[in-house]
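Notes to accompany the following structure.
Coordinate-derived values only; no laboratory data. Just so we're clear, the structure is a prediction, and the values are computed from it rather than from any experiment. We place every Cβ from the backbone using ideal geometry, glycine too, and count neighbours over all the protein chains shown.
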Amino acid sequence: MRVSKKTDYALRALFTLVDNYGGLPIPIRELARRNDVPKRFLEQIMLDLKAQGWVSSTAGIRGGYVLAKNPTKITMGEVVRHFDGILAPIDCVSVTGYSRCSQESVCRFRRVFLDARNYVAGIMDRSTLGDVARVLPVSKQELSSAGFIAGEGI
């Protein structure tokens, strides 16, 4: 699974708003600066997040964006699916992006991709923004200590 820049930037902005939950609105310029996101691109993303009811905005000199929904009520799966459409690694195991493959009846590796889809979707759908905001960022050591030799294959 690979997420788009749009999803990446949306999640960056959302987590900034999660950290600020219940506080004053954060101006778009500040959201862009804090998250190293082009302001014009972020403006489009924030309108999309607003249309979903995840954020709200206030106009004016003290205006900006706040989280409109409790962070424990928004899941990573919802956000990723909204921007990228699917979580499946290949089309023949996707629910919403399904595309038939001529090898489906004999494919031996399709099950591995189905298991990967189910595992990733389960984690993403159980992970609320509130839960994720409480964990520490991934360290460099963790990247290669997950049972892979020097991070090969990741």
Practice problem: For the range 58-63, take each phi angle, set θ = phi - 60°, evaluate the Karplus expression 6.51 cos²θ - 1.76 cosθ + 1.60, and give the result in whole Hz per residue in order, putting x for glycine and proline. | Solution: 10, 7, x, 5, 9, x
Quiz item: If each of A68 and E43 carries a label point 7 Å out from its Cα toward its Cβ, how far apart are those two points in nm?
Solution: 1.9 nm
Quiz item: What is the count of Lys pairs in the chain whose alpha carbons sit under 20 Å apart, if the two are 8 or more places apart or on different chains?
Solution: 7
Quiz item: Order of D19, D36, D84 from fewest to most other C-beta atoms within 10 Å?
Solution: D36, D19, D84
Practice problem: Give a residue-ordered list of calculated ³J(HN,Hα) values for the range 95-112 (Karplus: 6.51 cos²θ - 1.76 cosθ + 1.60, θ = phi - 60°; whole Hz; x for Gly, Pro). | Solution: 7, 8, x, 4, 9, 5, 10, 5, 9, 3, 6, 10, 5, 8, 9, 4, 4, 4
Quiz prompt | Whole-Hz couplings from phi, Karplus 6.51/-1.76/1.60, listed for the range 2-9; x for Gly and Pro | solution = 9, 9, 6, 4, 4, 5, 4, 5
Quiz prompt | Residues whose placed amide H lies under 5 Å from that of V55, excluding near-sequence neighbours | solution = K50, A68
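Working out 0.36 nm times the residue gap between I123 and S139, then minus their Cα-Cα distance, what length gain in nm do you get to one decimal? Don't skip to the answer; put the middle values down first.
Working: separation 16, 0.36 × 16 = 5.76 nm, distance 1.96 nm.
That pair, I123 and S139, stretches by 3.8 nm at full extension.
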Quiz item: Counting Lys and Arg as +1 and Asp and Glu as -1, each charge on the Cβ, what is the dipole of the range 1-107 about the Cα centre in debye, to the nearest 20?
Solution: 380 debye
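Could you work out [θ]222 nm for the chain from helices alone, using -39500 (n - 2.57) per DSSP H run of at least four and dividing by all its residues? Round to the nearest 500 deg cm²/dmol. Numbers along the way, then the final one.
Working: 7 runs with 72 residues, N = 154.
Taken over the chain, the calculation gives -14000 deg cm²/dmol.
For the range 76-109, which trypsin sites (Lys or Arg not before Pro) pass both filters: DSSP loop (anything but H, G, I, E, B) and at most 11 other C-beta atoms within 10 Å? Intermediate values should be presented prior to the final figure.
Values: sites: R81, R100, R108; in loops: R100, R108.
Sites meeting the loop and neighbour criteria: R100, R108.
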Exercise. Sort I26, I45, I123 so that the residue with the fewest other Cβ atoms within 10 Å of its own Cβ comes first and the one with the most comes last.
Key: I123, I26, I45
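Between T58 and H82, 0.36 nm times their residue separation minus their Cα-Cα distance comes to what?
Values: separation 24, 0.36 × 24 = 8.64 nm, distance 2.35 nm.
That works out to 6.3 nm of additional length.
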Quiz item: What nm value, rounded to one decimal, do you get for the distance between K50 and C107 when each label is placed 7 Å out toward the C-beta?
Solution: 4.1 nm
Exercise. Springs between alpha-carbon atoms under 10 Å, Gaussian network over the chain: tell me which of A68, A13, A51 tops the mean-square fluctuations.
Key: A51
